[in-house]
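The values are calculated or read from the model by the stated rules, or taken from the named source; none is laboratory data. Computed from a prediction, not measured in an experiment: that's the story for all the values here. When we count neighbours, we look across all protein chains shown, and the Cβ atoms used for this are built from the backbone with ideal geometry, even at glycine.
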Amino acid sequence: MSEPVLDNGTLPGLYQSANKASLKAQAIYFWSLKSYLFLLVLAAFVSFLWPKEVNGALVSALLFLITLGILIFLRINRPDDLWYNGRAVAESVKTRAWRWSMRAEPYEDCDNVELVSKQFINDLKSILKQNRSLSEVLDAKTGIKNPISETMRQIRLLSTEERLGIYKIQRIDNQANWYALKSQYNKQKAQQWFWASVALHLIAVIMLLYRIKDPMQGLPIEVVATAAGAALTWLQAKKHNELNSSYGLTAHEIVLIKGEALSITSEKALSEFVLDSENAFSREHTQWTARKTE
């Protein structure tokens, strides 16, 4: 008999629906921001190419109107809020699902498993109630799935040793690898965008110095300066530096937590281990969400 796998497809429907809504909102937010920055640079470029022509002025004005529309769209629809709220719900549901499957606090063993099942469902209701803003974007097809999947029930029935093995591989190792890879990815992206911004600033400086030598020479200084500002804005929006540090720290913390698994031999010890691990996972996300709302 193969080992049950608790992944995105076998987690509660609320997780899948919130995760999908979060990813969609994230994509909309960054696509809108990317379009806004690109159009700003394009408008500056059009203005440089046709500085005294009516058509050039009209095109530039149209591009700026479009960027204004994007700003209004972002302000009214707030896809970034939906992104973070969806992520918060998804991660909270995932944490609860793993605790329930591992028989960890507050879903320890009892004579009637339906009692802890009811408690688990009530906790999901509370999570959803605290994030009512997601109600309009949640996918009904995934949301109506059974909140306690058959895989979750199968794992809960396993022995302490078997559940510990599943938790170490499917949860601890999975999260450690994810955070380590994301930390490295954000480190590389932070360096790339930083040096791109530095290069654009240097080009603008060189053009300004050349203009001193030859004032009549037409150079796209404003275009390069706008592009440099756009690169810096994108770097700040993606928060690569912060994510690199945050994800790297969490990856190391998870590895240290995994070392505690060597001494687990009882249900109580497993419950405490799972609780400590899940707190570490949620701590990083909670801190990141708090930084976003500052």
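In the set Ala237, Ala251, Ala228, Ala261, only one residue is surrounded by 14 or more Cβ atoms within 10 Å (Cβ to Cβ) and without any contact (Cβ under 8 Å) to a residue 40 or more places away in the chain; that residue is Ala228.
Considering only residues in region 40-96 that are touching a helix residue (DSSP H, G or I) at 6+ places or on another chain (Cβ under 8 Å) and either outside any helix (DSSP H, G or I) or of a type in the set (Ser, Thr, Tyr) (or both), the one that is farthest from Ala280 (Cα to Cα) turns out to be Trp50.
Would you check if Arg99 is in a helix (DSSP H, G or I), among the basic types (Lys, Arg), surrounded by 13 or more Cβ atoms within 10 Å (Cβ to Cβ) and within 28 Å of the chain's Cα centre (by Cα)? Give the steps one after another, and end with the answer.
Details: in a helix (DSSP H, G or I): yes; among the basic types (Lys, Arg): yes; surrounded by 13 or more Cβ atoms within 10 Å (Cβ to Cβ): yes; within 28 Å of the chain's Cα centre (by Cα): yes.
Answer is yes for this residue.
Consider Val137 carefully, then state whether it is part of a helix (DSSP H, G or I) and not aromatic (Phe, Trp, Tyr).
no
Scanning region 109-134 for residues that are assigned to a loop (DSSP other than H, G, I, E, B) and either among the hydrophobic types (A, V, I, L, M, F, W, C) or in contact (Cβ under 8 Å) with a residue 24 or more places away in the chain (or both) gives Asp109, Cys110, Asn131.
For (1) among the polar types (S, T, N, Q); (2) closer than 30 Å to Gly259 by Cβ; (3) surrounded by 14 or more Cβ atoms within 10 Å (Cβ to Cβ), each residue gets a yes or a no:
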| residue | (1), (2), (3) |
| --- | --- |
| Ala180 | no, yes, yes |
| Ser183 | yes, yes, yes |
| Phe194 | no, no, yes |
| Val198 | no, no, no |
| Ile203 | no, no, yes |
| Ile212 | no, no, no |
| Pro215 | no, no, no |
| Val223 | no, no, yes |
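What do you reckon, is Arg132 at pLDDT 90 or above, among the basic types (Lys, Arg) and outside the structural domain of Ala261 (by TED's automatic domain parsing)? It is false that Arg132 is at pLDDT 90 or above, among the basic types (Lys, Arg) and outside the structural domain of Ala261 (by TED's automatic domain parsing). Are there any pairs, at least 6 apart or on different chains, whose C-beta atoms fall under 8 Å, with the first in region 52-79 and free of Cβ contacts under 8 Å to residues at least 12 places away in the same chain and the second outside any helix (DSSP H, G or I), and if so, which? Hits for this filter: Gly56/Trp50; Ala57/Trp50.
Of the residues Gly218, Gly229, Gly248, which is outside the structural domain of Ala27 (by TED's automatic domain parsing), in a helix (DSSP H, G or I) and either within 19 Å of Phe48 (Cβ to Cβ) or at pLDDT 90 or above (or both)?
Details: Gly218 fails: in a helix (DSSP H, G or I); Gly248 fails: either within 19 Å of Phe48 (Cβ to Cβ) or at pLDDT 90 or above (or both).
Every option except Gly229 fails the conditions.
Would you check which residues across region 147-167 are among the polar types (S, T, N, Q), out of contact with any Asp or Glu (no Cβ under 7 Å at 6 or more places or on another chain) and part of a helix (DSSP H, G or I) and list them? Across region 147-167, the qualifying residues are Thr151, Gln154.
Search region 1-39 for residues being part of a loop (DSSP other than H, G, I, E, B) and touching a residue at least 40 places away in the same chain (Cβ under 8 Å), and hand back the single one that is surrounded by the most Cβ atoms within 10 Å (Cβ to Cβ). Walk me through how you get there before you give the answer.
Initially, region 1-39 is screened for residues part of a loop (DSSP other than H, G, I, E, B), giving 1-12.
Narrowing further to those that are touching a residue at least 40 places away in the same chain (Cβ under 8 Å): 3-7, 10-12.
Values: Glu3: 12, Pro4: 20, Val5: 13, Leu6: 22, Asp7: 9, Thr10: 19, Leu11: 23, Pro12: 25.
For region 1-39, the residue satisfying everything is Pro12.
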